[in-house]
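The values are calculated or read from the model by the stated rules, or taken from the named source; none is laboratory data. Just so it is clear, the model here is predicted, and its values are computed rather than measured. Every residue, glycine as well, gets a Cβ built from its backbone with ideal geometry; the counts of neighbours run over all protein chains shown.
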Amino acid sequence: MKNYKLILGIVFGALCLVQIGVVLFQIMSYEKILKEGESFYFKVLPLDPYDPFRGRYVTLRFENATKAPMAQGQSKENQSLGYAILEHQEKLDSVKEITFIKPQIGNFLEVNVKNNKLRNTQNNTSSMVYFSLPYDRFYMREDIAPKAEKVLRVRSGVEVKAKLKVLNGKGVIEELLVGEIPLSEYVLLEASKSPQ
């Protein structure tokens, strides 16, 4: 009986260590992307819902990152995973094309390809691929999120963009920006301007 409890304790301890190791690995990989990744900016159309289990967040819909041409010489046959080739533009960055073969070099991001959304364009021989970026939420502090929602709903002419850090096909949202100011700072500036 004592051996059984000892073995059970060892197994339980090993399982706890594995779980902690997995979480630490995820944290380290996100931190590596934030530290070493290249920055890309995409315009977003934010909303501010609430999740009682995870808190306040801004739902992200990317305005200029929902469709792109398929890379030449490739076909989409029931593919649900693709790679968006990213390129820097003068104002906001964009997706140049979608490939279904993982690139070995360059700036690319793993994306979810939407099924049955492959259409031939009439002016071009290439096909458009409809996709979604792997993020749809940006979490904010509980006290700032309602103010951010208010500012974003009444905003006029204010452009909100997501700053993504991308490394080896993986990405992390570093910040939401209003102009060049982080959204959390912009909200506090707007709150200080308006009368209480």
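Structure above, values below:
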| quantity | calculated |
| --- | --- |
| Any hit, region 149-158, residues being at pLDDT 85 or above and more than 10 Å from the chain's Cα centre (by Cα) | no |
| Region 52-78 residues that are in a strand (DSSP E or B), paired with ones that are polar (S, T, N, Q) and modelled with pLDDT under 75 (beta carbon under 8 Å, 6 or more apart) | 69/121; 69/124; 69/126; 70/126 |
| In region 79-114, the residues that are among the polar types (S, T, N, Q), surrounded by fewer than 16 Cβ atoms within 10 Å (Cβ to Cβ) and in contact (Cβ under 8 Å) with a residue 12 or more places away in the chain | 79, 80, 112 |
| Only one of 110, 77 that is modelled with pLDDT of 85 or more, outside the structural domain of residue 168 (by TED's automatic domain parsing) and among the charged types (D, E, K, R) | 110 |
